[in-house]
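J.: Please see the structure below; I have some questions.
None of the figures in this text is laboratory data; all of them are computed from the coordinates on show. No experiment lies behind these values; they were computed from the predicted model shown. So basically every Cβ, Gly included, is an ideal-geometry build from the backbone, and we count neighbours across all protein chains shown.
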Amino acid sequence: MPLTWRFLDTIEALVAALWPARWRGATGWAFLMPALLLVGVLVIGLGYMLEYSLHELNLATYRLRDEYALTNYATFLNRPVYGTVLWRTVLGSVLVTGITLLLAFPYAYVLVRTRVPWVRKALLVTLFLPFFIGQVVRAYGWLIVLGREGLVNSLLTGLGLPAQDLLFHFPAVIFGLVQYMLPFAILLIVPAITAIPEDMERASESLGAPWPATFRHVVLPMAWPGLIGAGVVVFTLTMTDFAMPEILGGGTTDFFASAIYDSFFQISNPGLGAALSMVLVTLGSLIVAAVFALAGPGTLGIRGART
Amino acid sequence: MNPVVELTRVSKTFGDIRAVSEASLSVARGDFLTVVGPSGCGKTTLLRMIAGFETPSSGEIRINGDRVDVVPPYRRSIGMVFQKLALFPHMTAAQNIAYPLKMRRFAPRVIPGLVKQYLELVQLGGLGDRRPHELSGGQQQRVAIARALVFSPDLLLLDEPLSALDRKLREEMQLEFRRIQRELAVTTINVTHDQREALVMSDQIVVMDQGVIQQAATPQALYRQPANRFVAHFLGVTTLLDGRVVRVGDDGDVAVQVGDTVLQARGVGQALVTGAPVDCAIRAERIGMAAHGQPGLDNTVDGVVLQRIFEGDRVVYVVRVPALGDAVLSLFDRDADVHETTTEGQSVRLAWQARDLMVFAKQT
Ligand SMILES: Nc1ncnc2c1ncn2[C@@H]1O[C@H](COP(=O)(O)OP(=O)(O)OP(=O)(O)O)[C@@H](O)[C@H]1O
Ligand SMILES: [Mg+2]
């Protein structure tokens with residue numbers, strides 16, 4: 001018997017001794033444990049947040065009072081600024097998600113389908129390069145490019161055009177966020193397109209459908225689960241983003257995460273911060289749940305769902 | 001009448017690879033033509049050019065007499081069944097079949113009737129609401145063929161759609177495809193690497209190897225008069241022998257020397273000259289075997305049974321013949337008595353007629 005076989009047999013015998021056959025059914029659960037633990041910790045954290053959010057800050061001691069109260073939620077409802085920021089956050093997230101998906105889909109499609117090796121290589125490199133540059137560095141990069149004295153404005157003035165205020169307003173934030181989210185979206189859409197055999201498109205064409213019709217009736221429906229998945233990821237990441245609005249918005253167009261940050265660390269009111277966090281988590285979950293409900297249970301390609 | 005499809009010296013190169021080389025063929029209306037050849041010989045590429053998914057590097061393709069170089073696939077009246085079927089998974093069988101009708105702007109009121117008619121044609125009445133993954137392999141084939149035919153295309157292309165099925169189902173579907181093809185009289189080009197499928201289904205067969213068409217003929221002609229060594233070897237169970245011409249008679253009679261023996265044979269194709277090296281081919285079913293005695297045929301040699309393979313309806317013998325330079329011949333035997341008595345290691349006498357030993361000039 002070859003040595004490797006004997007080695008493997010020994011390992012198998014050891015495993016059998018340590019993990020008897022009647023426990024086999026639990027093996028899957030055992031592998032699931034670490035992930036379940038991590039999620040569990042998150043849920044516990046959320047529980048603490050909920051608990052915090054139900055106590056008012058005692059301004060005399062700067063500690064949370066012991067008795068339960070809904071004061072923090074009342075503050076959120078009574079101060080219009082929070083409503084404005086939340087609305088801006090949701091609107092921004094919807095915009096960013098929409099624009100990102102629109103840009104990511106053709107990119108992913110060409111990346112998967114191109115027959116020209118150098119095109120694929122170029123697209124792959126451009127896709128992964130941004131991952132090596134952190135979000136904050138990238139935001140500062142944009143400051144350099146788009147700033148009053150930046151690259152774009154020197155070009156404009158060079159052409160005799162007036163310099164523009166490109167930074168510190170909503171479009172600049174959307175722009176930065178789209179640029180940040182694009183690689184994530186592409187990475188999530190690529191497998192969805194890879195999973196569509198090219199012959200599906202050829203079949204559609206030979207059956208009489210020019211490319212736009214093929215796209216609408218075959219490519220889009222078949223890539224739909226991937227698109228929804230990418231959309232949800234981009235949406236939630238944007239909803240909770242902090243750095244881009246902070247840096248590119250210059251404090252004028254904060255997103256909700258900034259408001260939460262400020263409550264915790266600027267005005268030192270953990271109760272209010274926790275309440276705002278709960279609002280964001282709840283709203284985000286509701287929107288994602290609604291998307292999945294509308295897009296159908298087959299969206300994530302989960303078994304049993306009709307695709 | 002114009003042929004439905006006509007290819008004139010069509011070539012396709014991918015970089016350095018010559019996938020199809022100077023292919024010419026034509027298919028008459030209503031005919032079933034099969035392109036057969038080993039894997040990678042360029043069959044799919046040939047079909048794709050006809051369908052319009054690839055542009056020929058040179059040569060011209062005509063459909064119904066018109067050049068189609070710049071006609072996109074969706075404007076060609078061609079139904080195609082793909083190697084992996086390519087049924088749309090998000091549509092039901094009926095929706096799959098209705099798809100070409102919608103895309104080709106058939107009047108909405110005729111669509112349900114046509115879908116129903118074609119579901120029945122392929123014997124799937126009642127299963128129209130199933131999605132592809134709820135159908136068996138054979139049923140999926142039927143949906144694919146209905147989808148390719150429902151809009152009455154001028155031409156049907158089949159790219160080995162049966163190759164993934166198990167043998168019994170495949171043979172059933174071959175007959176089924178042929179029935180449907182006859183019923184609709186649709187001109188068809190089928191592609192396969194299965195010689196049996198080619199012989200069973202076709203009016204015309206084109207044999208391809210390494211991108212080059214080796215021979216185009218009816219199944220019978222191809223089997224009886226192969227044009228060269230490749231075709232002879234590709235169809236049927238054939239033994240190939242190296243020989244040299246010793247005498248050329250009239251009417252194609254030749255004598256060839258193989259090993260130490262001079263055999264009577266039949267020249268095929270190009271003219272043969274005395275002294276030239278040649279390929280000889282003989283089919284397994286043409287060799288007779290007798291343990292003893294002289295069967296009185298043109299050629300007789302003695303050999304030793306190396307292997308005896310029982311295949312149910314026949315027994316295949318692999319026999320080494322010292323007098324032919326230790327050549328190894330394959331032959332079939334259906335005689336039950338001989339099956340019982342002939343064993344491995346036994347000496348046997350083989351015999352065959354001169355006309356069954358085909359001789360080809362060596363290809364250079
Ligand atoms: N898009 C392509 N790019 C480069 N080479 C290709 C391409 N398509 C086919 N080829 C090459 O052309 C040759 C013929 O391929 P083709 O697919 O036509 O073979 P086939 O006869 O259909 O084989 P099979 O029976 O395996 O399907 C092969 O050598 C293949 O590698
Ligand atoms: Mg092929």
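J.: Looking only at the protein assembly as shown, where both bridge partners belong to it, what percent of the DSSP beta bridges are antiparallel (to the nearest 5)?
T.: 75 percent
J.: Name the most mobile residue of B:Ala146, B:Ala271, B:Ala227, meaning the one with the largest mean-square fluctuation, in a Gaussian network model of chain B with Cα contacts below 10 Å.
T.: B:Ala271
J.: Over all residues in B:100-112, what is the mean tally of Cβ atoms on other chains that come within 10 Å of each residue's Cβ?
T.: 2
J.: Tell me which lysines have Cα within less than 23 Å of B:Lys168's Cα, excluding those fewer than 8 residues away on the same chain?
T.: B:Lys84
J.: Which residue, chosen from A:Ala274, A:Thr114, A:Leu155, occupies the Cα position most advanced towards the positive end of the dipole of segment A:79-300, where the dipole is computed from +1 (Lys, Arg) and -1 (Asp, Glu) charges on Cβ about the Cα centre?
T.: A:Thr114
J.: If you don't mind, there's one more thing I want to ask. State the answer as a single residue: which of A:Leu91, A:Phe235, A:Thr126 lies farthest towards the positive end of the charge dipole of segment A:79-300, with beta carbon charges of +1 for Lys and Arg and -1 for Asp and Glu, about the Cα centre.
T.: Of the options given, the answer is A:Thr126.
J.: Next up: To the nearest whole number, what is the average tally of beta carbon atoms from other chains within 10 Å of the beta carbons of peptide B:79-90?
T.: Going residue by residue through B:79-90 and averaging, the value is 5.
J.: Could you pull out every residue, at least 5 positions away or on a different chain, whose amide H is within less than 5 Å of the one on B:Met80? Hs are placed 1.01 Å off N in the peptide plane, and Pro or chain starts have none.
T.: Long-range HN contacts for B:Met80: B:Leu157.
J.: Explain nothing, just compute: Karplus ³J(HN,Hα) = 6.51 cos²θ - 1.76 cosθ + 1.60, θ = phi - 60°, for every residue of segment B:204-210 in order, whole Hz, x for Gly and Pro.
T.: Couplings: 10, 10, 10, 9, 10, 8, 6 Hz.
J.: Taking θ = phi - 60°, what integer Hz values does the Karplus form 6.51 cos²θ - 1.76 cosθ + 1.60 yield along segment B:304-314, in sequence order, with x for Gly and Pro?
T.: 10, 5, 8, 8, 10, 10, 7, 10, x, 7, 7
J.: For segment B:244-364, give me the percentage of DSSP beta bridges that are antiparallel, rounded to the nearest 5 percent.
T.: That works out to approximately 95 percent antiparallel.
J.: For A:Phe242, A:Phe256, B:Phe230, A:Phe132, which order do you get if you count the other beta carbons within 10 Å of each Cβ and list the fewest first?
T.: A:Phe132, A:Phe242, B:Phe230, A:Phe256
J.: Can you give me the long-range amide H partners of B:Gly325? Hydrogens built in the peptide plane at 1.01 Å from N, cutoff under 5 Å, separation of 5 or more residues or another chain.
T.: HN-HN under 5 Å from B:Gly325: B:Asp260.
J.: Compute a Gaussian network model of chain A, connecting alpha carbons closer than 10 Å, and tell me which residue from A:Arg79, A:Arg63, A:Arg22 fluctuates the most.
T.: Between A:Arg79, A:Arg63, A:Arg22, it is A:Arg22 that shows the largest mean-square fluctuation.
J.: Using Cα springs under 10 Å in a Gaussian network model of chain B, which residue among B:Ile78, B:Ile180, B:Ile189 shows the largest mean-square fluctuation?
T.: Residue with maximal mean-square fluctuation among B:Ile78, B:Ile180, B:Ile189: B:Ile180.
J.: A further question follows. Output wanted: per-residue J couplings in Hz (rounded whole) for segment B:95-107, from phi through Karplus 6.51 cos²θ - 1.76 cosθ + 1.60, θ = phi - 60°, x for Gly and Pro.
T.: 5, 4, 6, 6, 3, x, 5, 5, 5, 9, 6, 5, 4
J.: In what order do B:Phe88, A:Phe255 fall by count of nearby beta-carbon atoms within 10 Å, going from fewest to most?
T.: The order, fewest Cβ neighbours first, is B:Phe88, A:Phe255.
J.: Along the principal axes of its C-alpha atoms, what lengths does chain B span, in descending order and rounded to whole Å?
T.: Principal-axis extents of the Cα atoms in chain B, largest first: 76, 47, 37 Å.
J.: Still on this structure: Which of the listed residues, B:Ile189, B:Gly267, B:Gln257, is farthest toward the dipole's positive end in segment B:146-305, when Lys, Arg count +1 and Asp, Glu count -1 at the beta-carbon?
T.: So the residue furthest toward the plus end is B:Ile189.
J.: If you don't mind, another one. Give the shape of segment B:178-277 as rounded, prolate or oblate, defined through the alpha-carbon gyration tensor: a ≥ b ≥ c are the square roots of its eigenvalues, a/c under 1.5 means rounded, and otherwise the shape is prolate if a/b is larger than b/c and oblate if not.
T.: prolate
J.: If you don't mind, another one. Any idea what Rg and Dmax come out to for segment B:101-164 if you just take the C-alpha atoms, in Å?
T.: When restricted to Cα atoms, segment B:101-164 yields Rg and Dmax of 12.3, 37 Å.
J.: Go ahead and estimate [θ] at 222 nm for the protein assembly as shown from helices alone: -39,500 (n - 2.57) per DSSP H run with n ≥ 4, summed, over the residue count, rounded to 500.
T.: -14000 deg cm²/dmol
J.: Report for chain B the percent antiparallel among DSSP-assigned beta bridges with both residues inside it, nearest 5.
T.: Within chain B, antiparallel bridges account for around 75 percent of the total.
J.: Using only Cα atoms, tell me the angle between helix B:167-184 and the longest principal axis of chain B; keep it within 0 to 90° and round to the nearest 10.
T.: 60 degrees
J.: Sticking with this one: If you place +1 on the Cβ of every Lys and Arg and -1 on the Cβ of every Asp and Glu, how big does the dipole about the Cα centre of chain B come out, in debye to the nearest 20?
T.: 1580 debye
J.: Nearest 20 debye, what's the magnitude of the dipole of the protein assembly as shown about its Cα centre given +1 on Lys and Arg Cβ and -1 on Asp and Glu Cβ?
T.: Computed charge dipole of the protein assembly as shown: roughly 1160 debye.
J.: Can I ask one more? What percent of all Cα-Cα pairs in the protein assembly as shown falls into each 10 Å bin, going from 0 up to the bin containing the maximum distance?
T.: That works out to 3, 11, 15, 15, 15, 15, 11, 7, 5, 3, 1, 0, 0, in percent per bin.
J.: Okay, moving on. Per the Kirkwood formula on distinct C-alpha pairs, the Rh of segment B:137-196 is how many angstrom?
T.: About 11.9 Å, per the Kirkwood formula over Cα pairs.
J.: Rounded, prolate or oblate: pick one for segment B:68-201, where a ≥ b ≥ c are the square roots of the eigenvalues of its C-alpha gyration tensor, a/c under 1.5 means rounded, and failing that, prolate if a/b is larger than b/c, else oblate.
T.: Judged from the Cα gyration tensor, segment B:68-201 comes out oblate (a/c at least 1.5, b/c at or above a/b).
J.: OK, next. Using amide H atoms built in the peptide plane, which far-off residues or other-chain residues are under 5 Å from B:Lys362 H to H?
T.: B:Asp279
J.: Let me ask you something else. For segment A:79-300, what is the charge dipole size about the Cα centre, in debye to the nearest 20, if Lys and Arg each add +1 at the Cβ and Asp and Glu each add -1 at the Cβ?
T.: So the dipole magnitude of segment A:79-300 works out to roughly 280 debye.
J.: Calculate, in whole percent, how much of the Cα-Cα pair population of segment A:79-300 lies beyond 25 Å.
T.: 51 percent
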